[in-house]
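Undergrad: First the structure, then my questions, so here it is.
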Amino acid sequence: MNILFANFVVRAYVAGALVGIAAPTIGCFLVQRKLSLIGDGMGHLAFAGVAIGVALGFSPVWGALVMAILGALLLERLRARGRLSSDLSLALIFYFGIALGVVVLSATGKFNATAFGVLFGSPFSTTDYELVVILALCILVLAVTAVFYKELLAVALDEETARASGLPVDQLNVLLVVMVALLVAAGMRVVGLLLIAALMVVPVATGSRLAHSFRGAMYWAVGAGVLSALLGVVIAVEQGSLAPGGSIVLTSIGLFFVAAVVGRRAARLHTRGGGQ
Amino acid sequence: MTVAFENVRFGYGAAPTLEGVDLRWRAGEFIVLAGANGSGKSTLLKLSLGLLKPQAGTIEVLGGSPFEAGIRRRTGYAPQGLRMATSLPVSVTEVVAAGLAPSKGLFSRMGRLDWRKVNAAIDAVGLGDLSAECLFELSGGQQQRAILARALVGDPSLLLLDEPTTGIDRGLRPALAAELRRRADAGATVVAVSHDPDDFHEVSDRILVIQDGQITQITHAEFHTHFDPGAAK
């Protein structure tokens, strides 16, 4: 049987495609609000959660999920109080999470290949149980986004006006960062905690080069996210020794450059068309 | 009474921006707020919107507190200039539709009637041909008109507009002013901050000037005699 259709590779495709859909969907709201680095911060914190989970003997996914949600609430609180105006607070949280994770894992003698898998992704070792968890988390994120789309967009466009017109801005902000936390946990196995934020941002940058509307950019971003995940997995399988997390993100960046060129040409044609 | 201030005081530092402000804005009134930069015009709007808390005194808006979500949903606000990140493209239609999100309520989707309202608001500011275009690729005046449409789309009972004509061609301003007058005639209270009350000379009921933290009502003639718009700019 062709290795590209082996069970472990198919599970990697499915996990990658799910995260490839959900991550850019939420990423659109983050990028529009200039919160692109929040996903990175939560990924770093989730590493501490994984370490604590491993040390206490429960699933790394749940450790990452709990720590990412706690981190999300802390980050949102700091942001709402205006304490994230400089990147210093965010950096402190990043380094605290990663350092705590390394210390806990090394103290328990488990700073090994598992840690690298968590940090940089290991989609080929996705179990059926993890696939179900990833599916559930991604469906939850997409369902919440669909229900609150118009409110999330209104806040992303202009937080002050949204607040002035009666939207529950603080609660919507908390909802958004909690969804990021869910995605961090979902994407941990696919691209790793250090790279999951890339899937929330890079496909969105690709979408922004090709569309004239927020919804259009979101559709393009989702397409780019899924394509990156699938192509990244194929490249990793074909090459044999490549880390799939890295190949997924590099594919995504490659798609961005293609979109930048295509988008620039399309913009020129649009301008010429408008001038006639 | 749409808006009532009683002995309101507010300041950003030690010196108050507004001191002992009493005012009454009624339904159907079109009011122009004038004054020099930093005189407190935008502050007055933000107090009315519940975006700032008065340090003393009371503010009543539409019969309740400006901090209540139900009251806020009945207001339309157009801030001065574009206040959104330009990271992602956003169409004019999307920006204007965002103005309907609060009045629609959570869990409800936009229906055909809602999109009709969005299109009507876009047409009202003369952007019908550009509704599918990316906002950030439009001129400053066109962007300002889209922001104005976002404030109008929910048919609010109170319209608070901060420099709504900034960047808009002089030739287009009378039509926009007439649209705002139409809203006032339909029962809304329209308050427009402006450096140049001439934009609303034909349509406004009152000019209020803020100076040294106090509010004075004047006529157009008095404005030009005592408050030179050139100096105000």
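Values in this text are rule-based calculations from the coordinates and carry no lab data. As the structure is a prediction and not an experimental result, all values here were calculated from the model. Reconstructed Cβ throughout: ideal geometry from the backbone, glycine too, with neighbour counts over all protein chains shown.
Undergrad: Report, largest value first, the span of the C-alpha coordinates of chain B along each principal axis, in whole Å.
TA: 46, 39, 36
Undergrad: From the phi of every residue in the stretch A:106-116, what ³J(HN,Hα) in whole Hz does the Karplus formula 6.51 cos²θ - 1.76 cosθ + 1.60 yield, where θ is phi - 60° and glycine or proline is x?
TA: Those phi angles translate into 5, 5, 9, x, 10, 8, 9, 4, 4, 4, 5 Hz.
Undergrad: Also, I was wondering about something else. Select from A:177, A:236, A:52 the residue farthest towards the positive end of the dipole of the protein assembly as shown; place +1 on Cβ of Lys and Arg, -1 on Cβ of Asp and Glu, and compute about the Cα centre.
TA: It is A:236.
Undergrad: Using only the C-alpha atoms of the stretch B:84-155, find the volume of their convex hull and express it per residue in Å³.
TA: Output value, Cα hull per residue: 89 Å³.
Undergrad: How far is the Cα center of the stretch B:95-119 from the Cα center of the stretch B:1-67, in Å?
TA: 29
Undergrad: Going by how many other Cβ atoms sit within 10 Å of their own, how do A:220, A:62 line up, fewest first?
TA: Ranked by crowding around the Cβ, least crowded first: A:62, A:220.
Undergrad: Another question about this same structure. Count the DSSP beta bridges whose two residues both fall in the protein assembly as shown, then state the antiparallel fraction as a percent rounded to the nearest 5.
TA: 50
Undergrad: If I take R0 = 45 Å and measure r between the Cβ atoms of residue A:103 and residue B:136 in this structure, what FRET efficiency does the formula 1/(1 + (r/R0)^6) give, to the nearest 0.05?
TA: Once rounded, the FRET efficiency stands at 0.50.
Undergrad: So which residue, out of B:129, B:22, B:196, gets the largest mean-square fluctuation from a GNM of chain B using Cα contacts under 10 Å as springs?
TA: B:129
Undergrad: Would you mind computing, in nm to one decimal, how far apart the modelled labels at residue A:88 and residue A:125 are, each placed 7 Å from Cα along Cα→Cβ?
TA: Rounded to a tenth, the inter-label distance reads 3.9 nm.
Undergrad: Also: Once each part is reduced to its C-alpha centroid, what is the distance from the stretch B:147-164 to the stretch A:228-260 in angstrom?
TA: Each part's Cα centre sits 47 Å from the other's.
Undergrad: Just from the alpha-carbon atoms, what are the Rg and Dmax of the stretch B:122-233 in angstroms?
TA: Calculated on Cα positions, Rg and Dmax stand at 14.9, 45 Å.
Undergrad: Among B:26, B:182, B:170, determine the one that fluctuates most according to a GNM of chain B built with springs between C-alpha atoms less than 10 Å apart.
TA: Highest fluctuation of the listed residues: B:170.
Undergrad: Would you work out which of A:114, A:32, A:140 lies farthest towards the positive end of the dipole of the stretch A:3-269, given +1 charges on the beta-carbon of Lys and Arg and -1 on that of Asp and Glu, about the Cα centre?
TA: The residue sitting most towards the positive pole is A:32.
Undergrad: Taking each pair of distinct Cα atoms in the protein assembly as shown once, what is the resulting Kirkwood hydrodynamic radius in Å? Please report the intermediate quantities before stating the final value.
TA: Values: mean 1/r = 0.0402 Å⁻¹.
For the protein assembly as shown, inverting the mean 1/r across all distinct Cα pairs yields 24.9 Å.
Undergrad: Moving on. Helix B:173-185 versus the longest principal axis of chain B: what is the Cα-based angle in degrees, 0 to 90, to the nearest 10?
TA: It is inclined by approximately 80 degrees.
Undergrad: Which residue fluctuates the most in chain B, going by a Gaussian network model with Cα springs under 10 Å, if the choices are B:75, B:86, B:189?
TA: B:86
Undergrad: Let's test this: bin the Cα-Cα distances of the stretch A:70-144 at 10 Å from zero up to the farthest pair and state each bin's percent.
TA: 15, 28, 37, 19, 1
Undergrad: Mind jotting down the distance between the C-alpha centroids of the stretch B:172-212 and the stretch A:24-84, whole Å?
TA: Cα centroid to Cα centroid, the span is 47 Å.
Undergrad: Partner chain Cβ atoms within 10 Å, averaged over the residues of A:211-223 - can you pull that number for me? Walk me through the intermediate numbers first.
TA: Values: counts 5, 10, 12, 9, 5, 7, 5, 1, 0, 0, 1, 0, 0.
For this peptide, the per-residue mean of nearby foreign Cβ atoms is 4.
Undergrad: Two decimals, Cα atoms only, Kirkwood Rh: what is Rg/Rh over the stretch A:99-201?
TA: Values: Rg = 17.3 Å, Rh = 15.6 Å.
A ratio of 1.11.
Undergrad: Could you run the Debye sum over the Cα atoms of the stretch A:1-85, one equal point scatterer each and no solvent, and tell me log10 of I(q)/I(0) at q = 0.19, 0.26 Å⁻¹, two decimals?
TA: The Debye formula, applied to the Cα set alone, gives -0.97, -1.16.
Undergrad: For the protein assembly as shown, what is the mean residue ellipticity at 222 nm derived from helices alone (per DSSP H run of n ≥ 4: -39500 (n - 2.57); sum divided by total residues; nearest 500 deg cm²/dmol)? Could you put the intermediate results ahead of the total?
TA: Details: 21 runs with 294 residues, N = 509.
One gets -18500 deg cm²/dmol as the mean residue ellipticity at 222 nm.
Undergrad: What FRET efficiency comes out for the pair residue A:80/residue B:23, r = Cβ-Cβ distance, R0 = 30 Å, nearest 0.05?
TA: In this case the efficiency is close to 0.45.
Undergrad: How are the Cα pair distances of the stretch A:3-269 distributed, in percent, across 10 Å bins from 0?
TA: Result, from short to long distances: 8, 31, 35, 20, 5, 1, 0 percent.
Undergrad: Hey, which lysines would be in cross-link range of residue B:41, C-alpha to C-alpha under 25 Å, not counting anything within fewer than 8 residues on its own chain?
TA: Excluding near neighbours in sequence, the set is B:53, B:233.
Undergrad: In addition: Calculate, axis by axis, the spread of Cα positions in the stretch A:141-264 along the three principal axes, and write the results as whole Å, longest axis first.
TA: 54, 35, 20
Undergrad: Rg(Cα) of the stretch B:1-85 divided by 2.2 N^0.38 Å?
TA: Here the Cα radius of gyration is 1.09 times the empirical estimate.
Undergrad: Another question, then. For residue B:37, project a label point 7 Å along Cα to C-beta. Then give me every residue of the stretch B:159-174 with its amide nitrogen under 19 Å of that point.
TA: B:162-168, by backbone N distance to the label point.
Undergrad: Using unit Cβ charges (K, R positive; D, E negative) and no other charged atoms, how large, in debye to the nearest 20, is the dipole of chain A about its Cα centre?
TA: On the way: 17 positive and 11 negative charges, 129 e Å.
Here chain A has a charge dipole of around 620 debye.
Undergrad: Ok, one more. Output wanted: per-residue J couplings in Hz (rounded whole) for the stretch A:96-102, from phi through Karplus 6.51 cos²θ - 1.76 cosθ + 1.60, θ = phi - 60°, x for Gly and Pro.
TA: My calculation for the stretch A:96-102 gives 4, x, 5, 5, 4, x, 5 Hz in order.
Undergrad: Here is a follow-up. Starting from the Cα of residue B:117, draw a straight line to each of the lysines and keep only those under 18 Å, dropping any in the same chain fewer than 8 residues away.
TA: A:150, B:104
Undergrad: Turning to a different aspect of this structure: Please return the longest range in chain A lying between exposed loop sites, taking trypsin sites (Lys or Arg not before Pro), DSSP loop only, at most 15 other beta-carbon atoms within 10 Å, and leaving the sites out. Please report the intermediate quantities before stating the final value.
TA: Working: sites that count: A:34, A:81, A:83, A:110.
Counting only loop sites that pass the neighbour cut-off, the longest clear stretch is A:111-276.
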